[in-house]
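Trainee: My questions will all concern the structure given below.
Bear in mind that the values in this text are calculations on the coordinates, not laboratory data. Just so we're clear, the structure is a prediction, and the values are computed from it rather than from any experiment. Don't worry about glycine lacking a Cβ; one is built from the backbone with ideal geometry, like all the others, and counts go over all protein chains shown.
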């Protein structure tokens, strides 16, 4: 076990869980604008936290793998710049949308839909990046380059489709859209099958017994929502986010102990010595601060509706 | 954007405090309306921070490898922790405004946002200080290994380099001052333009708070600027020689203004005999000042930094005079924040303040050239020279040329859009 990897991957898991829930909401905003309030009640306070967890993942990644920064810069910079543009566009449009008043051609709906499109495309870009990190498709470590044409293998495409299908399948759970209850389990099941298939297509060695855990957890979420009596457990947004984070965290065999198509042993590129000690010290202090603030948030939020005066 | 964000949250917090203490609905409405603007500012600002973090890896990978192998990354980690404090406190502050029961409890949350915002600024400035005066690892071993091996790492040493205190002090107060002036210009404009008595009362109150912050910070900017010049003289003598345009070392050197160095000789401009030596002795006790001739010409920064430094100091003095007039008028109960003459002047003063602030950064960064980490790694050695960066790089610049003005436009639109709100 590599503690530094675990901390960095935990930050990624929460970031990815938050981003996936935003993608779920973004789809809702595009296809069901009249019932947007269910989506916005969740997304509006959360989008700010998603970005911060993204920053945490990036900085802990820099800290954890200093020797990887040059190859990462060579291989992924163009893709990362596309990611960044979409990220700023998404943040700008949702923050403008929150408080905009109708004047001229620009209004709340256009801005929220811009946010939704930027978020979904951002999700696709992140999935391209992740599939490259998992299976190594499109990545040439020797020449330090990434080719989107080489990336577009069947395994990568099935990875994208499978993950997006999972997001669409689980979206009714997060937003408690009971009219779509019957679709949850079939779509989620299909998403799981495609995702597992994509891992096998990328590299059969990725399918370890550990992979049963995320599969079972994902299906359990869908199954719990299928019955009205148990649906309340998983429609609780904090529970849903926590479970989704655990599912993503349990997918770590895809990149550990080896990433990029089993070509990169993580332990050989992890920081060590005094820097590793500093990493853990800072993680403990930062983690305590984060836990404290999240506890305060839970206490305040549990008092009922936000009661924002804005 | 950082400067306006910091000034905004200070204004919001002080406004809410005054509204609670004096039960003043105008201050309350001001805090509520500005908090919406702050969310927009945070939304674009936080994304831009991530852009910076990722871009640094893409554009300067060797530099970031050094950062990630030394205490500088610890500072960035600390900054992220501050960021979390800011974002979670902000979510509570904005979206759960009415959920707090105690008289001052909601206002206390604003202090956490202030703390998180200021701490983020402090930690990122510490990274810059570390770039100016690197510490916490064996520099010569690193250079001798061809930038391959970092040894003797002390991860927490980067929190306190020899230039940290003076630089953080100066950057913090000048950042607050510049942001305060810019936001003040907005309120000054609307105070003069508005015919609505209620709105004018709100703008006047905002200007009163901003005026006081600006007076305090311009005084501190002068003090910290002097400290910073002294620290430069001691820690970065080449940069000092360049910004003062000292061609040769000496004991009784003049202050040079707006000239240039041609063939190793200072020409044109104004020279104030002995002034530089006098100030340096007063500040540091050092009587022999460095000159460019002591250093290889290949390590000189562009000598344009003498001009940027001069505009910064002269502009800073002009702003000091402006704020002094504001202070005198305030003390004499002339309500300077309602004086049309002063408010008209505030707008060009804000432009000057932002120019001075940007030139300060230009002086710092250009003055360190050719180094990205002083005396360790040059910008050329750190840079990613891949052609693949060109197109996305141009796109991101064009994108920001749209985003930044759009953000300031939305600041105004969001603030004005909620003008019909009844004060709660």
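Trainee: With angles folded into 0 to 90 degrees, how steeply does helix A:36-64 sit against the dominant principal axis of chain A? Use alpha carbons for both and round to 10.
Mentor: Relative to chain A, helix A:36-64 is tipped by roughly 20 degrees.
Trainee: For the range B:104-166, take N as its residue count and report Rg(C-alpha) divided by 2.2 N^0.38 Å. If you can, show how the numbers build up before the last one.
Mentor: Numbers: Rg = 16.9 Å, N = 63, 2.2 N^0.38 = 10.6 Å.
Cα Rg divided by the expected 2.2 N^0.38 Å: 1.59.
Trainee: Follow-up question, since we're still on this one. On a 0 to 90 degree scale, rounded to 10, what angle separates helix B:340-367 from the longest Cα axis of chain B?
Mentor: That works out to roughly 30 degrees.
Trainee: Under a no-solvent Debye model with one identical scatterer per Cα of the range B:169-226, what's log10 I(q)/I(0) at q = 0.16 Å⁻¹?
Mentor: These q points yield log10 I(q)/I(0) values of -0.51.
Trainee: Report the rotationally averaged projected area of the range B:181-362 based on its alpha-carbon convex hull, in square nanometres.
Mentor: Details: hull surface 45.8 nm².
Convex hull of Cα atoms, orientation-averaged projection: 11.4 nm².
Trainee: 7 Å from Cα along Cα→Cβ at both residue A:147 and residue A:124: what's the point-to-point distance in nm?
Mentor: In this crude label model, residue A:147 to residue A:124 measures out at 2.2 nm.
Trainee: From largest to smallest, what semi-axes in whole angstrom does the range B:178-276 give when each is the square root of 5 times an eigenvalue of its alpha carbon gyration tensor? Show your work: numbers first, answer last.
Mentor: Details: eigenvalues 372, 50, 20 Å².
Each semi-axis is the square root of five times an eigenvalue, giving 43, 16, 10 Å.
Trainee: Averaging sequence separations of C-alpha pairs under 8 Å and six or more residues apart, then dividing by the length of chain B, give the relative contact order as a whole percent.
Mentor: Across chain B, relative contact order equals 20 percent.
Trainee: Can you give the direction-averaged projected area of the convex hull of the alpha-carbon atoms in the range A:95-250, in nm²? Before the final figure, lay out each step's value.
Mentor: On the way: hull surface 48.6 nm².
Here the figure is 12.2 nm², rounded to one decimal.
Trainee: Counting just the Cα atoms, what span does the range A:168-225 cover along each of its three principal axes? Round to the nearest Å and put the largest first.
Mentor: Result for the range A:168-225: principal-axis Cα extents of 39, 17, 14 Å.
Trainee: Quick one: in the range A:129-214, what % of C-alpha pairs are over 22 Å apart?
Mentor: 37 percent
Trainee: Just to confirm my numbers, what's the Cα centroid distance between the range A:135-174 and the range B:219-273 in Å?
Mentor: So the two Cα centres are separated by 56 Å.
Trainee: Something else about it: What are the extents of the Cα atoms of the range A:7-54 along their three principal axes, in Å, largest first?
Mentor: 40, 17, 11
Trainee: Given that compact globular proteins tend to follow 2.2 N^0.38 Å, what is the ratio of the alpha-carbon Rg of the range B:65-209 to that value? Don't skip to the end; give the middle numbers.
Mentor: On the way: Rg = 21.2 Å, N = 145, 2.2 N^0.38 = 14.6 Å.
Working it through for the range B:65-209, the quotient is 1.45.
Trainee: Using the Kirkwood formula over every pair of different C-alpha atoms, what hydrodynamic radius in Å results for the range B:307-424?
Mentor: On the way: mean 1/r = 0.0534 Å⁻¹.
Final number for the Kirkwood radius of the range B:307-424 is 18.7 Å.
Trainee: Can you divide the C-alpha Rg of the range A:1-159 by 2.2 N^0.38 Å and report the result to two decimal places?
Mentor: Working: Rg = 17.4 Å, N = 159, 2.2 N^0.38 = 15.1 Å.
Taking N as the residue count of the range A:1-159, the ratio is 1.15.
Trainee: log10 I(q)/I(0), Debye, Cα-only the range B:82-129, no solvent, q = 0.17, 0.24, 0.25, 0.28 Å⁻¹?
Mentor: Ignoring solvent entirely, the Cα scatterers give -0.50, -0.77, -0.81, -0.93.
Trainee: Out of every Cα-Cα pair in the protein assembly as shown, what percent are more than 42 Å apart? Write down the numbers at each step before the final one.
Mentor: Details: 88965 of 269011 pairs.
Value for the protein assembly as shown (Cα pairs over 42 Å): 33 percent.
Trainee: Divide the volume of the convex hull of the Cα atoms of the range A:53-104 by its number of residues and quote the answer in cubic angstrom per residue. Intermediate results must be reported in sequence, preceding the final value.
Mentor: Working: hull volume 3.6 nm³, N = 52.
Looking at the range A:53-104, the number lands at 69 Å³ per residue.
Trainee: In degrees, nearest 10, range 0 to 90: what is the angle between the Cα axis of helix A:181-202 and the longest Cα principal axis of chain A?
Mentor: For helix A:181-202, the angle is close to 10 degrees.
Trainee: For q values of 0.13, 0.21, 0.22 Å⁻¹, compute log₁₀ I(q)/I(0) with the Debye formula on a Cα-only model of the range B:237-309, without solvent.
Mentor: -0.32, -0.85, -0.94
Trainee: Please report, in cubic angstrom per residue, the volume enclosed by the convex hull of the alpha-carbon atoms of the range A:3-283.
Mentor: Numbers: hull volume 37.4 nm³, N = 281.
Roughly 133 Å³ of hull volume per residue.
Trainee: Whole-Å semi-axes of chain B's equivalent ellipsoid, largest first, each the root of 5 times a Cα gyration tensor eigenvalue?
Mentor: Values: eigenvalues 309, 156, 72 Å².
Rounded to whole Å, the semi-axes are 39, 28, 19.
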